[in-house]
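Some notes on the structure that comes next.
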Amino acid sequence: MASDMTAGRGDQATLRRPWRAPRARTVAAVIVVVIAAAIPYVTSSFVFVQIVIQSLWMAMVAASLVFLVRFAGMVSLAQTGLYGTAGYVTANLSAIRGLNPWAAAGIGVLVAVALAFVVGMISSRARGVYFIMLTLAVGVFLYYFALQYRPFTFGFSGINGVRVPDLGPVPLSDPLNFYWFTLALSVAALVGLYTFSRSPLGLALQADRDCPERVEALGMSTTAVRVIGFTAAGAVASVGGVLSVWFNGQISPGSLDITRTVNILVVAVLGGVIRLEGAWLGALLFTALTAYVSNITNYYNSVIGLVYIAVVLVSPNGVPGLFTATARSLQRALLSSAPPRTTARPVNGEK
Amino acid sequence: MLHRMVLPALTAIALAVSGCGASTGGKDSGGGGIAGAANGSGAAGDGVLKIGLLSTLDGPFAALGQAANDGAKLALLDAGAQRSGTGYRDGMTGLTIGGQKVELVVESSDATPDVALAAARRLVEKDGVDILVGPLGGDEGLAVKGYAKQHPEVTFVNGTSAAQNTTLRDPAANFFRFTTDGTQWMAGLGAYTVNTLHYKRVVTVAEDYSFPYDQVGGFMTPFCGAGGHVPKKVWVPLGTKDFSSFISSIPKDIDALYVALGGTDALNFVKQLDESSLKGTPIVGGSITVDGAVINGLGKRADGIVSAGPVAALDTVQYRDYAAKLKATFPQAGPPGLFDIGYYIEMTALLKALTEVKGKVDDGHKALNAALAKLTLDTPIGPVRLDQNRQAIANNYLFQVRDGQSALIQTIPDVNQTLGLDRAAFVAQPANDRDHPSCP
Amino acid sequence: MAVGAAPPTSRFPAVSRGRVLWTAGGIAVLALTVRELVAAPAVFVTTVLDGLTTAGLYFLVASGFTLIFGLLRVTNLAHGSFYLAGGYVGYSLREATGNWFLALAGAAVAVALLGLLFQLTVLRLVGGDPLRESLVTIGLSVVVADMTLAVWGGSSLDITIPPFLGSTIEVHGLIYSRFRLALLGLALLVGFGLWVLLHRTRLGMTIRAGVDDPLILATSGVNVPLVLSFVFGLGSLMAGLAGVAGGSYLSLSQGEDARYLLVSLLVVIVGGLGSVPGAVVGSVVVGLVQAFAQVHLPTYSVLVTFGVMIVILAVRPRGVLGGAE
């Protein structure tokens, strides 16, 4: 069950040494801020644009999935469909119909959020693997819609020539400005999703993940809780969709096909589905992997598939889980008088 | 004299389509997106002139991309370069033009515009290529054209992408195409169908995306003009393998079927057609419909099928040389086909222009682009020159299957992009689409 | 820790609304049938045959998927890859031996072994966590797609069918493909075989018990891991079999894996997860809807098929014969 994989472990990890956590967290935050500020000036143009910026918007889509898995136990394969919807509406309204790009983006997000609401209604009654299948079916339906409904989506060619708007006097088409803009939205999404998860609604969502019967017994509607959670995640995914269209200047059915759906899942799993920040790390790893492994071997798809299987097998918490596990065993080895572990994670070799 | 038609290399095609055109992708104003800086410092900077090669080595058209890479590399081998390895993704070195070292870097897409764009970006922004040759598919071409507008300091030479609108409407000043488009590939077929074969009522069957739109458009415009009628157009979704129910929907009172499906799909389609009450209906084929596999698979049934395309086994020195070299260099390659010849021509044109300017691109590619624009070539499939939009004007050929061989029956010389019509009037027409042109 | 769909909350109104919708749907289908039959009887009969023969192929693929789901609770997202791998292996065997039936059997066994290997080496490690189990099957599908591309190339391939199946039969002026009918026959045969296995053997009884209540089964002294492996192998075998049967009439190419995974999903979602009779109903519904949509609305036929699925789901979240919980 989804909750086996995700429930509570992250929290326990941070609660283990409450007096240490804040300091470690502050240090980590400072490091992240420094890196984020330095990246534009220390990386090559390619790494900056194609890996860093690309992973920023990709991570937003993945973060919406991580949020659903982590806090609601819903593995949604419809997130690519939702981000594609936002992307298509934005592209069509701005590039074809000549609407103000900000208005187009706003409408795109609204339409996708409304769609997320409907999809949530349809699929909220299903759980676990049923939910995976249903959302996969919805995602594929949206792909075929993009492919076939030419009057709006222009079929296989998709829509080209989507321009990036200016933010007041700041032209976002400049990679540096776009980076800061995307970064700001990423932080907003992160804070938003965490805030949501700690709100009464978010707590209800987590309760529903762990034991829907008790949530019902408390008089809450699990359907409502799940639909709202799904819609909130859909909003984050759709913002990612708008950013992707601006980034690429085009969108076509390939942007939401099954390969892309799998990619987002890979990003989420690589980043570990424990903390939302993992999505950004996963996306960074994934974009770097695809950009460089393809140069090394002809079988880079197999490499990605095997890495993916290995990560799922070895570390349920993704690549960061590998690091924390290693760090913990190091720590244990160094501190001979370490207290008995109480919150072991099922890491490789500890089973 | 019988000529073998040269599409057998396509035996392979998974989905009908492949390599080719597109016409009506969204309104393309070009540009857009976030442009990373090109990493190419050109020969002036690092002393190495890098050429990027972009085709489809992944996904359903992988076999076509392999043929394309063979063609492109053959042109470089001709000029004196050496292969770094025998793999399709291996680059090339060892060539010097005007004292500049020339290197080939290979990237691949899976025929979707998204992936093609990402691959183009890797080539330009990561590998720092000065010139990009590709892509293979029509919709990819539209995406790369948009990208070309963001990078005027890089020269783009087409692969086999045959979307009409890549060059017809809103072209990019640094995008050159020495191959003809999907509509040009049909030149001569529509009129021949009405005037010589006397088929007046024809139903078209093609996959539902832009390359077949251009093919059907290129067939129908002259066909309708000569008095033909198309009572129904059947657009099957991309990747369709089972045509039986679509066949049920075809009206019975027709003279022939126009089939623009890729080799294997065309074979399946005709087999399934002959398992229905439309058994034996004559077939008129698109540019990638009739290949060796289809002729072999259909046997006697294939006799009489008429089709059109830009590649013919000509009785010329250039063609014979090319065919012999291809076979000698790449023993595993099939006979010459659309994709290897297309990439060969584009790469040859580029190398010729580079030689003319002695490898100098440090003037912002001005001299190179000027040389490309006024280049004329004598290719294995006839003479090629460019029009004002940097689009090829070249011969097109008509074929008929006779005694198990595809025979060249007519050459249409110097087909231009507007099919000989007035440019302004031609551009003013609606672009080829599901519903355009129409003559029910 | 509910595994399946949530318990129906307001059972009574849902049922009555469902009944109204089903009646309306039934009447609409009946009316359309009569109209079709009057307008163009030959087209109607052909389309029905197309739908049923397609359903045969779909059943072959989806029954394995639903079996695996029913017992192991694994959404095997590599099921389409098993279909494709079976087709490619069958192609090579057919080319090597010249015997189509040998290719059919050999490919089915080869894929069953592949499935078993995967189940024993990878799936077991994440046993008990259906989600992670599904996730690793995605990884497998990526690897299989890449490997088949490397071995068999990007060209689409046709498995040569035996000559006696390669022609048509004609009844009252109606021409129809022998192979398609044979495909339907194979599906019926396999369906019957499955029925015998599940309802007339001890093993089948065990499997059915496992579908109904895995926990009780485990406590009753049955070697559950063995049964699980057997079912996973059997499900893979069916996919391999379908790959050869399908690849003989419709070519094999990259991308077919995703198509048949989706087909399996559609069929089991419509018919009900984990239920073999559900797979029969699901494939017939999907096959017929698809055939008629292709005749009348070719451009949007895919969307119609999915639309029908969504409507069925709105009425019966667990599919027509669903209820495996």
Checklist entry - the stretch C:246-325: percent of C-alpha pairs farther apart than 20 Å? => result 36 percent
Next on the checklist: Quick check: Cα centre of the stretch B:139-173 to Cα centre of the stretch A:25-66, how many Å?
Outcome noted: 31 Å
Checklist entry - Rounded to the nearest whole Å³, what is the per residue volume of the convex hull around the Cα atoms of the protein assembly as shown? => result 176 Å³
Checklist entry - Between the stretch B:238-292 and the stretch A:252-273, how many Å separate their Cα centres? => result 36 Å
Item to check | Degrees separating the helix B:62-79 axis from the principal Cα axis of chain B, which is the longest one | outcome: 50 degrees
Next on the checklist: Between helix A:101-123 and chain A, what is the angle of the helix's C-alpha long axis to the longest principal axis, kept within 0 to 90° and rounded to the nearest 10?
Outcome noted: 60 degrees
Checklist entry - What's the local net charge at C:GLN294, with K and R +1, D and E -1, over the other residues with C-beta under 13 Å away? => result -2
Checklist entry - Between B:LYS327 and A:LEU306, what FRET efficiency follows from the Cβ-Cβ distance if R0 is 35 Å, with the result rounded to 0.05? => result 0.40
Checklist entry - Where the centre of each part is set by its Cα atoms, how far does the stretch C:137-188 sit from the stretch B:324-376, in angstrom? => result 41 Å
Checklist entry - What Rg and what Dmax come out for chain B when only alpha-carbon atoms are used, in angstroms? => result 20.8, 68
Checklist outcome for this item: Whole-percent tail of the Cα-Cα distance distribution for the stretch A:2-334, cut at 38 Å, equals 14 percent
Next on the checklist: Step by step: find N for the stretch C:136-258, compute 2.2 N^0.38 Å, then divide the Cα radius of gyration by it. What's the final number?
Outcome noted: 1.41
Checklist entry - Shape of the stretch A:33-166 from its Cα gyration tensor (a ≥ b ≥ c, root eigenvalues): rounded if a/c is under 1.5, otherwise prolate when a/b > b/c, or oblate? => result oblate
Checklist entry - Considering only the other residues whose Cβ falls under 9 Å of the Cβ of B:SER210, what net charge follows from Lys and Arg at +1 and Asp and Glu at -1? => result -3
Item to check | Qualifying trypsin sites (Lys or Arg not before Pro) for the stretch B:153-243 [loop in DSSP, other Cβ within 10 Å: at most 16] | outcome: B:ARG169, B:LYS200, B:LYS232
Checklist outcome for this item: For B:PHE330, the net charge from surrounding residues (Cβ-Cβ under 14 Å; K, R +1; D, E -1) works out to 0
Checklist entry - Taking N as the number of residues in the stretch B:88-182, what value does Rg over Cα atoms divided by 2.2 N^0.38 Å take? => result 1.06
Checklist entry - Mind checking which lysines have their C-alpha under 25 Å from B:LYS271, skipping anything on the same chain fewer than 8 residues away? => result B:LYS200, B:LYS232, B:LYS233, B:LYS241, B:LYS252, B:LYS279, B:LYS300
Checklist entry - If you line up the long axis of helix A:222-248 against the longest principal axis of chain A, both from Cα atoms, how many degrees apart are they, to the nearest 10? => result 60 degrees
Checklist entry - In units of 2.2 N^0.38 Å, what is the alpha-carbon radius of gyration of chain C? => result 1.02
Checklist entry - By a straight-distance test (C-alpha under 22 Å), which lysines pair with B:LYS358 as possible cross-link partners, with residues fewer than eight away in the same chain excluded? => result B:LYS50, B:LYS73, B:LYS101, B:LYS366, B:LYS374
Item to check | Dimensions (Å) - the stretch A:97-164, Cα atoms, principal axes, largest first | outcome: 41, 25, 18
Checklist entry - What percent antiparallel are the DSSP beta bridges of the protein assembly as shown, to the nearest 5? => result 50 percent
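No lab work stands behind these numbers, since they all come straight from the coordinates. This structure is a prediction, so every number in the text was calculated from the model and none was measured. Note that we place each Cβ from the backbone using ideal geometry, even for glycine, and neighbour counts take in every protein chain shown.
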